[in-house]
Amino acid sequence: MEEAWNSALLIIPEKQSSMEKRDTDKLIIDQTAYTTRLSPRFASRKPYAPPVAGRIQSFIPGTVVEVLVNPGDTVKEGEDIVILEAMKMKNRLKSHLDGKVVAVNVKPGDRVTKGAVLVEIA
């Protein structure tokens, strides 16, 4: 028994809608270029910057419950640095490298925003 395959043909009218009149840009993902329309919000976004290794940052807005290190202390990777309370949960922020604490920018009771630098390690 033979299978029959039918191909579909998409016909686009010659009239352009208001959306088709927008400027288009190229978006490159994995070496493949795509033509697309970028929103003004996307075009004006903050460019990605990789995180700095020695900075312990708040990943969520919250309140500092306890600071477990002082300037001059040596810390190892995985050691608890700060306890941050957010949405009624206590989150332990850990060191992601071995080093010496250079600065502690918060104290217990401080309210911090997302991305705030809490502790710096060198």
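The values are calculated or read from the model by the stated rules, or taken from the named source; none is laboratory data. Quantities reported herein were computed from a predicted structural model and do not represent experimental measurements. Cβ sites come from the backbone with ideal geometry, for glycine too, and all protein chains shown count toward neighbours.
The set of residues in segment 1-33 being surrounded by fewer than 10 Cβ atoms within 10 Å (Cβ to Cβ) and either at pLDDT 60 or above or part of a helix (DSSP H, G or I) (or both) consists of Asp23, Lys26, Ile28, Ile29, Asp30, Gln31, Thr32, Ala33. For segment 74-97, which positions are in contact (Cβ under 8 Å) with a residue 24 or more places away in the chain and assigned to a loop (DSSP other than H, G, I, E, B)? Within segment 74-97, Met87, Ser95, His96, Leu97 qualify. The set of residues in segment 94-115 being modelled with pLDDT of 95 or more, of a type outside the set (Lys, Arg) and closer than 13 Å to Ser58 by Cβ consists of Asn105, Val106, Asp110, Val112, Thr113.
Conditions tested, residue by residue: (1) part of a loop (DSSP other than H, G, I, E, B); (2) surrounded by fewer than 12 Cβ atoms within 10 Å (Cβ to Cβ).
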| position | (1), (2) |
| --- | --- |
| Thr35 | no, yes |
| Phe42 | no, yes |
| Pro47 | yes, yes |
| Val64 | no, no |
| Val69 | yes, no |
| Gly72 | yes, yes |
| Ala103 | no, no |
| Pro108 | yes, yes |
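Residues of segment 74-101 that are hydroxyl-bearing (Ser, Thr, Tyr) and either surrounded by 14 or more Cβ atoms within 10 Å (Cβ to Cβ) or touching a Leu at 6+ places or on another chain (Cβ under 8 Å) (or both): Ser95 alone. Residues in segment 24-67 that are farther than 17 Å from Val104 by Cα and among the small types (Gly, Ala, Ser): Ala33, Ser39, Ala43, Ser44, Ala49.
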